[in-house]
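Take a look at the structure set out below.
The values are calculated or read from the model by the stated rules, or taken from the named source; none is laboratory data. In this text, all values refer to a predicted model and were calculated from it rather than measured experimentally. Note: ideal-geometry Cβ built from the backbone for every residue, glycine included; neighbour counts use all protein chains shown. The area values use the complete protein model at the heavy-atom level, side chains included, leaving out ligands, DNA and RNA. Shrake-Rupley method; radii C 1.70, N 1.55, O 1.52, S 1.80 Å.
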Amino acid sequence: AAVRSASGGGPHRFSLRQTFYAIRPLLQRVGVDELDYGYFSTVVAAYEQENGRFNGMYRDARGIIYHPHTGETIALGTLNVEKYRTPRYRFNKVLFVEKGGFFELLKDAQWPERHDCALMTSQGFASDAARDLCDLIGDSEQEIKIFCVHDSDGPGTCIYETLVEGTKSRRRRLRGEVSNLGLDPKEAVGMGLSEERVARKKGKVPVASYIKDAYDGYR
């Protein structure tokens, strides 16, 4: 019912957030007064994993890709990725960076131009749009290498994992290889870097499975 309302009965594209706004009054009728958008998004993702994506639904842009040599910046949302075409012989590498704040430093040093490397970032874990774009780039006629830089904390390791593996709303289908340039805990210990004890106020944080497998007795 919420999808019908958000899409005007079917003929129009609609966003996940529009669906969220449409479903709230429906839930209020059955006594549910509060609905968190983040939780709602995970419910929709779980549904799509079992049943496929909703036809016509798109998600808001979360992140950007920067093209070297032209300076073009494209927001990473469903609609933009659907019409994206990989530029021919404009770049042969893509650097996916967890922290988009580094972009201005790299651009100021003309690092993307000197290395023919596009820059990509996505808010939080790698979004569906970011992974779909990696698929498109991997299918281009020229070989384009993809590299991933992430933090060494638990969520940072999950960024690399969600970039190459399946998620609730998207099964694994990345064709190209992704090189992990993030610093993992064992590498940091091997380099003799200092360790820092952290007292967490909340429960466990998500950690990539390849990190768990590397540590016996992981908790």
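Just to be sure before I move on: is Tyr66 surrounded by 16 or more Cβ atoms within 10 Å (Cβ to Cβ), more than 14 Å from Val178 (Cα to Cα) and in contact with a helix residue (DSSP H, G or I) (Cβ under 6 Å, 6 or more places away or on another chain) in the structure I sent?
No; evaluated as a whole, the condition is false for this residue.
Out of the residues in the stretch 11-39 that are of a type in the set (S, T, N, Q) and either without any contact (Cβ under 8 Å) to a residue 40 or more places away in the chain or in a loop (DSSP other than H, G, I, E, B) (or both), which is surrounded by the fewest Cβ atoms within 10 Å (Cβ to Cβ)? Talk me through it step by step, then tell me what you get.
Filtering the stretch 11-39 down to residues of a type in the set (S, T, N, Q) leaves 15, 18-19, 28.
Remaining after also requiring either without any contact (Cβ under 8 Å) to a residue 40 or more places away in the chain or in a loop (DSSP other than H, G, I, E, B) (or both): 18-19, 28.
Working: Gln18: 19, Thr19: 20, Gln28: 12.
The residue in question is Gln28.
Test Gly182 against the stated conditions and say whether it is assigned to a loop (DSSP other than H, G, I, E, B) and at pLDDT below 75.
It is false that Gly182 is assigned to a loop (DSSP other than H, G, I, E, B) and at pLDDT below 75.
Here are some residues: Arg59, Arg114, Arg90. Which one is modelled with pLDDT under 85 and either closer than 30 Å to Asn180 by Cα or out of contact with any Cys (no Cβ under 8 Å at 6 or more places or on another chain) (or both)?
Values: Arg114 fails: modelled with pLDDT under 85; Arg90 fails: modelled with pLDDT under 85.
Step by step, each of Arg59, Arg114, Arg90 is checked, and only Arg59 is modelled with pLDDT under 85 and either closer than 30 Å to Asn180 by Cα or out of contact with any Cys (no Cβ under 8 Å at 6 or more places or on another chain) (or both).
Condition first: at pLDDT 80 or above, touching a helix residue (DSSP H, G or I) at 6+ places or on another chain (Cβ under 7 Å) and not aliphatic (A, V, I, L, M). Now tell me which residues in the stretch 153-179 satisfy that.
Once the filter is applied, which keeps residues that are at pLDDT 80 or above, touching a helix residue (DSSP H, G or I) at 6+ places or on another chain (Cβ under 7 Å) and not aliphatic (A, V, I, L, M), the stretch 153-179 yields Thr157, Glu161.
How do the pairs read when you match residues in the stretch 81-97 that are of a type in the set (Gly, Ala, Ser) with residues anywhere that are modelled with pLDDT under 85, using Cβ under 6 Å and keeping only pairs 6 or more apart or on different chains?
From residues that are of a type in the set (Gly, Ala, Ser), there are no pairs.
I'm checking my understanding of the structure. Among residues of the stretch 1-22 that are of a type outside the set (Gly, Ala, Ser) and over 25 Å from the mean Cα position of the chain (by Cα), which one is nearest to Asn80 (Cα to Cα)? Steps first, please.
Going residue by residue through the stretch 1-22, those that are of a type outside the set (Gly, Ala, Ser) are 3-4, 11-14, 16-21.
From the residues that got through so far, the ones that are over 25 Å from the mean Cα position of the chain (by Cα) too are 4, 11-12.
Working: Arg4: 23, Pro11: 19, His12: 17 Å.
So the residue we want is His12.
Go through the stretch 93-115 and give me each residue that's open to solvent by 60 Å² or more (accessible area, probe 1.4 Å) and assigned to a loop (DSSP other than H, G, I, E, B).
Once the filter is applied, which keeps residues that are open to solvent by 60 Å² or more (accessible area, probe 1.4 Å) and assigned to a loop (DSSP other than H, G, I, E, B), the stretch 93-115 yields Lys99, Gln110, His115.
Restricting to the stretch 40-56, name every residue that is open to solvent by less than 100 Å² (accessible area, probe 1.4 Å), in a loop (DSSP other than H, G, I, E, B) and either at pLDDT 85 or above or touching a Lys or Arg at 6+ places or on another chain (Cβ under 9 Å) (or both).
Within the stretch 40-56, just Gly56 meets the criteria.
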